[in-house]
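Following: one structure in structure tokens, then a few remarks.
The values are calculated or read from the model by the stated rules, or taken from the named source; none is laboratory data. Fair warning: this is a prediction, and the values are worked out from it, not measured in the lab. Here the Cβ positions follow ideal geometry from the backbone for every residue, glycine too, while neighbour counts run over all protein chains shown. Calculation scope for accessible area: heavy atoms of the full protein, side chains included, ligands and nucleic acids excluded. Shrake-Rupley method; radii C 1.70, N 1.55, O 1.52, S 1.80 Å.
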Amino acid sequence: MREFVYSSQPSRVVFRAGALDDIDAEIDRLGAYRALVLCTPEQRVSAEDVSKRLGERSAGVYAKAVMHVPIETADEARAVAKQLGADCCVAVGGGSTIGLGKAIALTSELPILAVPTTFAGSEMTPIYGITAQGQKKTGRDSRVLPKTVIYDPLLTLTLPAKIAGPSGMNAIAHCVEALYAQDANPITSLMAEEGIRTLASSLPRVVSEPDQLDARSEALYGAWLAGACLGNVGMALHHKLCHTLGGSYNLPHAQTHTVILPHAVHYNREAAPKAMVRITLALEGADPAGGLYDLAKAIGAPLALRDLGMKESDLDAAALLATQNPYYNPRPLEGAAIRQLLQEAWEGNRPG
Ligand code: NAD
């Protein structure tokens, strides 16, 4: 018999090509007047365009967002927001920029309007991460959930294939682990299956036909579903492994997700049969682990940890780190099997 708890995250989503035109009205809706626009140095042009649209309501552009939100950047951005009298933040970018907005919101409670330009999904979650003294600490806090999210596929047209592909695989990973989450529920599972289906069918076109707005729009829709899954239920082995590898060995976030995902699915295949059926359905009949590996290969994404700069001699320590603290996973954490998983991922073998 069914038994579940479902709670959704309270955020407003506006999704359409050209939705950025609504930004003024959406800031009004938040009851805010002066927005600090956040971005990475690489996306300054997009952020300045947003700032220009806001006119007098822009407090300025802060273009120093970087991966994993170093505490020094967070502190500086918090001070700039205060000094410029900002009463909200507009985060234009991927998980790194939205992460910076979250760090500001954590201490100031300034509302965030997120304008995501990758498929990472951070905009839909109350999860934040801040790196201090080389250690990334993550937490959940309702204050950091963006109040409004503007999804405008036009902004993803500049995302190059080598970032778009892994970013989409990162989103698929949220959906996959939502299907076998400890607190999985029927609504999140519907979203997760649809997210995998939409991303798996659109990503090859995003990469092969980069100017196709329709494919970008589908991938962004999948990313929204994936972000909502990540925000609503807990994750398991795959996310834990990626967090360990990213944090301890400085591996790139989305690429690490891409490499690990097929192997984590293979590890869990017998312990999560219902999830595997849904992944197979979403992949049009493909074997879950093998199908995800083939998808990553088809979109030219990395397949091996060794190609991301991981040393084989670090695999023993990584396996220990990833199993040190107990956490939920459908299949119990078995040291030797996790070590073997990492070996397969390091070599880039097709699982099974
Ligand atoms: P990112 O934000 O680091 O962006 C990668 C690069 O792509 C950057 O140089 C960025 O400027 C560029 N870029 C982004 N959009 C672009 C576009 N449309 N056109 C051209 N260039 C563009 O990458 P990401 O994968 O989105 O985010 C990774 C970070 O987000 C990690 O730190 C991860 O931990 C975090 N994250 C957090 C959550 C959460 O819920 N808290 C969820 C997912 C990811």
Review point. Considering amide H positions built from the backbone, and no H for Pro or chain starts, which residues 5 or more places from Ala91, or on another chain, come under 5 Å of its amide H?
Key: Leu38, Leu113, Ala114, Val115
Check your understanding: In whole Å, what are the Cα extents of the range 96-212 along the three principal axes, biggest one first?
Key -> 42, 35, 30
Practice item. Please tell me which of these pairs span more than 22 angstrom C-alpha to C-alpha: Lys136/Lys162; Lys82/Lys102; Lys240/Lys311; Lys162/Lys297; Lys64/Lys136? Key: Lys136/Lys162
Review point. Among Gly352, Leu245, Tyr221, whose Cα sits farthest toward the positive end of the charge dipole of the range 215-352 (+1 at Cβ of Lys/Arg, -1 at Cβ of Asp/Glu, about the Cα centre)?
Key: Tyr221
Point to revise | Label zone at Gln182, where the point sits 7 Å out along the Cα-to-Cβ direction: the range 1-23 residues whose backbone N lies under 19 Å | key: 3-8
Review point. Counting other Cβ atoms within 10 Å of each Cβ, which trypsin sites (Lys or Arg not before Pro) in the range 264-352 have at most 13 and sit in a DSSP loop?
Key: Lys311
**Study point:** Reference-scaled alpha-carbon Rg (2.2 N^0.38 Å with N residues) for the range 269-352
**Key:** 1.20
Review point. Nearest 0.05, what FRET efficiency do Phe4 and Lys136 give at R0 = 51 Å with Cβ-Cβ as r?
Key: 0.95
Practice item. Give me the orientation-averaged projected area of the Cα convex hull of the chain, in nm², one decimal. Key: 16.4 nm²
Practice item. Can you grab the distance from the C-alpha centre of the range 11-54 to the C-alpha centre of the range 165-226, Å, no decimals? Key: 24 Å
**Study point:** DSSP loop chymotrypsin sites (Phe, Trp or Tyr not before Pro) with at most 16 other Cβ within 10 Å: longest gap in the chain
**Key:** 34-326
Check your understanding: By Kyte-Doolittle mean hydropathy of at least -1.0 and Cα axial length of at least 20 Å, which whole DSSP H helices of the chain are selected?
Key -> 161-179, 186-208, 213-232, 253-268
Review point. About the Cα centre of the chain, what is the dipole size in debye to 20, counting +1 per Lys and Arg Cβ and -1 per Asp and Glu Cβ, all else neutral?
Key: 440 debye
**Study point:** Inter-site label distance for Arg44 and Asn250 at 7 Å from Cα along Cβ, in nm
**Key:** 2.4 nm
Practice item. Output the antiparallel fraction of DSSP beta bridges having both residues in the chain, as a percent to the nearest 5. Key: 25 percent
Review point. Who wins for biggest fluctuation among Glu123, Glu177, Glu312 in a Gaussian network model of the chain, springs between alpha carbons below 10 Å?
Key: Glu312
Check your understanding: About its Cα centre, how strong a charge dipole does the range 161-347 have in debye, to the nearest 20, once Lys and Arg get +1 and Asp and Glu get -1 at the Cβ?
Key -> 180 debye
Study note, to complete from the structure: For Leu30, the net charge from surrounding residues (Cβ-Cβ under 13 Å; K, R +1; D, E -1) works out to -1
Point to revise | Helical contribution to [θ] at 222 nm, DSSP H n ≥ 4, -39,500 (n - 2.57), averaged over the chain, rounded to 500 | key: -16500 deg cm²/dmol
**Study point:** Cβ-placed point charges (K, R +1; D, E -1), dipole of the range 309-352 about Cα centre in debye, nearest 20
**Key:** 140 debye
Review point. Just by accessible area at a 1.4 angstrom probe, what is the order of Ile130, Ile187 from largest to smallest?
Key: Ile187, Ile130
Exercise for review: Could you work out the local net charge near Ala226, counting Lys and Arg as +1, Asp and Glu as -1, over the other residues with Cβ closer than 12 Å to its Cβ?
Suggested key: -3
Practice item. Taking the dipole about the Cα centre of the chain, with the C-beta of Lys and Arg at +1 and of Asp and Glu at -1, give me whichever of Ala200, Val233, Pro288 is farthest to the positive side. Key: Val233
Study note, to complete from the structure: Taking 0.36 nm per residue of separation between Glu109 and Ser208 and subtracting their Cα-Cα distance, the length gained on full extension comes to 31.5 nm
Review point. Taking 1 over the mean of 1/r across every pair of different Cα atoms in the range 12-156, what Kirkwood radius in Å do you get?
Key: 14.5 Å
Review point. So, how do all the Cα-to-Cα distances of the range 161-347 break down into 5 Å bins, in percent, from 0 on up?
Key: 1, 9, 18, 22, 21, 15, 9, 3, 1, 0
Practice item. Determine how large the accessible area of Met67 is when every protein chain is in place; take a 1.4 Å probe and give Å² rounded to the nearest 10. Key: 100 Å²
Revision key, fill the gap. Listed residues Val69, Val45, Val61; largest mean-square fluctuation, Gaussian network over the chain with Cα springs below 10 Å, found at Val45
